[in-house]
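The values are calculated or read from the model by the stated rules, or taken from the named source; none is laboratory data. Quick caveat, the model's predicted, so the values are computed rather than measured. Don't worry about glycine lacking a Cβ; one is built from the backbone with ideal geometry, like all the others, and counts go over all protein chains shown. Remember, those area values only see protein heavy atoms, side chains included, never the ligands or the DNA or RNA. Shrake-Rupley method; radii C 1.70, N 1.55, O 1.52, S 1.80 Å.
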Amino acid sequence: PPAYPRRRFETGRLPPGSALRYADAMRLVLPLTLFLATICFALGVVQPLIRVERLFVFADEPSLVGIVSGLWSEGDMLLALIVAAFSLVFPAIKLALLHVAAYGGREAGGTIPRWFRALSNWSMLDVVLVALVIFAAKTSGVATAFTKPGLWFFAASVVLTAAASSLLKSRGALIDHD
């Protein structure tokens, strides 16, 4: 036998005690991920997403909430409802359900319906649309656009929510049902 300790890839097993350390780490990673996802979501919807400057004089810095309220007040109620549903309501409900699944246990109904997971996957669409607006503004020459912190917070929220969902699914806390 070799004089050095065998590594996992040599034996196919974890070293003694490492499974316990992994479980302890996961107990810290999931709450931290959910907490950061919630904070990033809150900041992402109220902070400005982009700065659009026209003719070096006029500038707008809309937030996601500001965009929805602007659409509503200008009479585009259907578009405002669609943006609000996919950007605000569905991600907020998914975060709430992930918190219930993580901390409420199976007795609390820690499951997310399959249809809701399909809808919540569209939340990254906002980030893509803002990126397209910035690209169009920069290439048109009429306006310039710059990303603002709200876009980065919102994108981080989407990624962290997906990570939390994956962690819960690997733990067996999330069960698909119809």
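Summary table below
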{"quantity": "Label point distance in nm, Glu61-Glu74, each placed 7 Å from Cα along Cα→Cβ", "calculated": "2.0"}
{"quantity": "Heavy atoms of Lys169: accessible area, 1.4 Å probe, square angstrom to 10", "calculated": "110"}
{"quantity": "Local net charge near Asp60, Cβ-Cβ under 12 Å (Lys/Arg +1, Asp/Glu -1)", "calculated": "+1"}
{"quantity": "Cα-projected label distance for Arg51 with Leu28, points at 7 Å along beta-carbon direction, nm", "calculated": "3.8"}
